[in-house]
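Values in this text are rule-based calculations from the coordinates and carry no lab data. Since this is a predicted model, take the numbers as computed values, not measurements. Don't worry about glycine lacking a Cβ; one is built from the backbone with ideal geometry, like all the others, and counts go over all protein chains shown.
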Amino acid sequence: MRDAVDHLLLGVPDLDKGIAWVEERTGVRAQAGGRHPGMGTHNALLSLGDRQYVEIIAPDPTQAAFNFQIDLRRLPAPRLVTWAASTNELSAVAIRAQAAGLQVFGPREGSRVRLDGVTLKWTSAGILAGMAEADIDPVPFFIQWAPDSVHPSQDAPRGCRLVSLDAAHPNPTKLHQTLATLGIDAPVRQDERTALIATLETPRGRVVIT
């Protein structure tokens, strides 16, 4: 899973508090990224190097509607809610997922306006595999960045590195098979609750975020 990661989504109910929470644990302060128009969210970013990053994502109080698939407003604490897998062949991934009987949303165009006014663009596809539990979806969505967009890992605050990303699920065999169908060969451990577990190397040592 680690090699497939484009970015990890750390859901928080309040962006400023989420930034402080991450800084306290890693020693690196995430930089405000921008807003997702129509989605009802805004974010802050932390580079993990190697075209990987953490996206701290929260409800945006300046937007009237909230349309993110996970209700971040009700999270009791920061939590890894899902992740994005990188691809340069998004259409092929979507076709493979549909052939396996998975429901695919997209591909669809996305964008975010940075605080400096620069617009980042990408194409993504969501996968509905029936593996989500409450506020955690261990099956990633796939993202392909526009060629003229700077990858967020390149200009977000540095100092951290992704050591590993692991998953736990009540039905580990099914989740493993679903990920394999999407081209991700990852072991999944048995657990009563669904979880994503990221291990980061940080200026304050190894940190585990779930």
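The stretch 20-80 and the stretch 82-119 have Cα centres spaced 18 Å apart. Computed from point charges on the beta carbon alone (+1 for Lys and Arg, -1 for Asp and Glu), the dipole magnitude for the chain about its Cα centre is near 120 Debye. Specify whether the C-alpha gyration tensor of the stretch 74-135 places it in the rounded, prolate or oblate class, a ≥ b ≥ c being the square roots of the eigenvalues: rounded for a/c under 1.5, otherwise prolate if a/b is larger than b/c and oblate if not. Because a/c hits 1.5 or more and a/b fails to exceed b/c, the stretch 74-135 counts as oblate. Ordered by the number of other Cβ atoms lying within 10 Å of each residue's own Cβ, fewest first, D71, D6 fall into the sequence D71, D6.
Across q = 0.12 Å⁻¹, the chain modelled as identical point scatterers on its alpha-carbon atoms has Debye log10 I(q)/I(0) values of -0.58, in the order of the q list.
Working from label points 7 Å from Cα in the Cα-to-Cβ sense, the N67 to R158 distance is 3.7 nm.
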